[in-house]
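*Asks:* Right, I'll just put the structure down here and ask away after.
The values are calculated or read from the model by the stated rules, or taken from the named source; none is laboratory data. These numbers were taken from a predicted model, which means no experiment stands behind them. Don't worry about glycine lacking a Cβ; one is built from the backbone with ideal geometry, like all the others, and counts go over all protein chains shown. Side chains are part of the model used for accessible areas, which takes the heavy atoms of the whole protein and leaves out ligands, DNA and RNA. Shrake-Rupley method; radii C 1.70, N 1.55, O 1.52, S 1.80 Å.
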Amino acid sequence: MSTLTIIIVTVFVIGYLCIALESLTRVNKAAIALLMCVLCWTLLMLSPGAYYPDVAAGGVIHHIAEVIEHHLGDAAGTLFFLMGAMTIVEIVDSNGGFNFVRDTMKTRSKRKLMWRMAFMTFFLSAILDNLTTSIVMIMVLRKLVQSREDRLIYAALVVISANSGGAFSPIGDVTTIMLWIKGVITTQGVLTEIFIPSLVSMLVPAFILQYQLTGKFDKEQNLPKADVSQFTKTQRDIIFWLGVGGLCFVPIFKTLTHLPPFMGILLVLGILWTVTEVFHYNTAEDDTMAKRVSDLLSRIDLSTIMFFLGILMAVAVLQEIGVLTALGESLNETFSGNYYVINGIIGVLSSIVDNVPLVAGCMGMYPVAAGDMAIDGIFWQLLAYCAGVGGSMLIIGSAAGVVVMGLEKITFGWYMKKITWIAFTGYLAGILIYWLEKMFF
């Protein structure tokens, strides 16, 4: 490993520590992520020839510009998907679309609410995706739980449940989509063999966390909320089904058109925006301006978007200089043949750096072969589980965690102190269940 590579990795680690210690440094994590991103790319430019020896000296700068644009394009797709999904959910929520979901989940018992929320998040994330489901569930929780201390526990379980639910579905997580499109896992394979381990990885943390929630909510908290929407019930229902139904349609749109997922999100947003504008024709302007989409767009948490951009682009540097690939190769050499240990470590790493380049690196390193490396073999199925569920161990280890962190202002330190060991316990329990499945069934 060259000196420059060590310096880049050091900058990344220092930046990561500053993000982790945000509550102590009092510096917004988005600012650190952006600085880390720019510094890493700037350092790479000090000696670009060392990383692109096959590119002519005169064209290496142009080549790096293309590389940055490529990674920025990948990141932009994720960011536009995130922004579109957040806006759609905000539209549905601000117009009372989630009222019946709130009423369905409503209970005075804190533990009953926790279990209802955990199961609903788990199964919804398999249909919508873990990112969108997390946004929906946080919006519903805000209507049901007034205590911030309690809501943080519920929010942490939303992250765990969403990641666990996304792992057993081919459309539930970015990494499972990648493996599914690559053809190394099949829909039937992940549904039949990853479902129970994923369920266990949610049940174990939920069982532990229930002891932090005791008693009942105040009666006042469960009174019907005043309906602030100017729309009729029929119009609110239309908005709800267009929003949630549209989110469900996104993976179908991708399959039919082969366009990136964010294009499907933009389609749904465009339709929903148009419909709400038509509904506003017959309402008083003064009463409805706050509900117009053009106004709701200003509520998007741009600091979370900037943080996501910085993290994704900083990890892209590690991918470019070969650190992630070298890491995967060293794991393969150290634990040759033991795919449970290799994937277990990859899962832990996915909570530190983005799981997408990690899985992409694994797909490039490990060929499809007979035995455990075959289609729907142990390696690929366990990779889908570990990369998805492993992201729950740190709040910034998954897209769901990042968006919940932004919405509920959860600090890295609080999550690591209170939740990490619980998520890790569930993660290990799921791997154990998968091993038992393969050994005895």
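*Asks:* Considering only the stretch 388-441, state which residues are aromatic (Phe, Trp, Tyr), within 20 Å of Tyr16 (Cβ to Cβ) and open to solvent by 50 Å² or more (accessible area, probe 1.4 Å). Don't jump to the end; show me each part of the working.
*Replies:* First, the residues of the stretch 388-441 that are aromatic (Phe, Trp, Tyr): 412, 414-415, 421, 424, 427, 434-435, 440-441.
Filter again for within 20 Å of Tyr16 (Cβ to Cβ), leaving 412, 414-415, 421, 424.
Passing the criteria: Trp414, Trp421, Phe424.
*Asks:* A follow-up question, please. If you take the residues in the stretch 1-24 that are part of a helix (DSSP H, G or I), over 21 Å from Ser351 (Cβ atoms) and not hydrophobic (A, V, I, L, M, F, W, C), which one is most open to solvent (accessible area, probe 1.4 Å)?
*Replies:* By that ranking, first place goes to Thr3.
*Asks:* How about the stretch 90-203: which helices (runs of 4 or more DSSP H) wholly inside it have at least 1 residues that are open to solvent by less than 10 Å² (accessible area, probe 1.4 Å) and under 20 Å from Ile396 (Cβ atoms)? Spell out the reasoning first.
*Replies:* On the way: elements: 99-105, 110-127, 130-144, 148-167, 174-182, 187-193.
Passing ranges, in order: 110-127, 130-144, 148-167, 174-182.
*Asks:* Let me ask something else. Counting just the residues of the stretch 272-285 that are surrounded by fewer than 15 Cβ atoms within 10 Å (Cβ to Cβ) and among the aliphatic types (A, V, I, L, M), which one comes out modelled with the lowest pLDDT?
*Replies:* So, considering only residues that are surrounded by fewer than 15 Cβ atoms within 10 Å (Cβ to Cβ) and among the aliphatic types (A, V, I, L, M), the one modelled with the lowest pLDDT is Ala284.
*Asks:* Could you check the stretch 235-328 for helices (runs of 4 or more DSSP H) lying wholly inside it with 1 or more residues that are within 18 Å of Gly77 (Cα to Cα) and under 20 Å from the mean Cα position of the chain (by Cα)? First the steps, then the outcome.
*Replies:* Working: elements: 261-279, 285-288, 293-296, 302-320.
The qualifying helices (runs of 4 or more DSSP H) are 261-279, 302-320.
*Asks:* Still on this structure: Looking only at the stretch 356-386, count how many residues are hydrophobic (A, V, I, L, M, F, W, C), open to solvent by 40 Å² or more (accessible area, probe 1.4 Å) and either modelled with pLDDT of 70 or more or within 16 Å of the chain's Cα centre (by Cα) (or both).
*Replies:* 4
*Asks:* Could you list all residues from the stretch 325-355 that are at pLDDT below 80 and surrounded by 21 or more Cβ atoms within 10 Å (Cβ to Cβ)?
*Replies:* Within the stretch 325-355, Val353, Asp354, Asn355 qualify.
*Asks:* For the stretch 72-88, which positions are buried (at least 23 other Cβ atoms within 10 Å of the Cβ) and either acidic (Asp, Glu) or out of contact with any Leu (no Cβ under 8 Å at 6 or more places or on another chain) (or both)?
*Replies:* Met86
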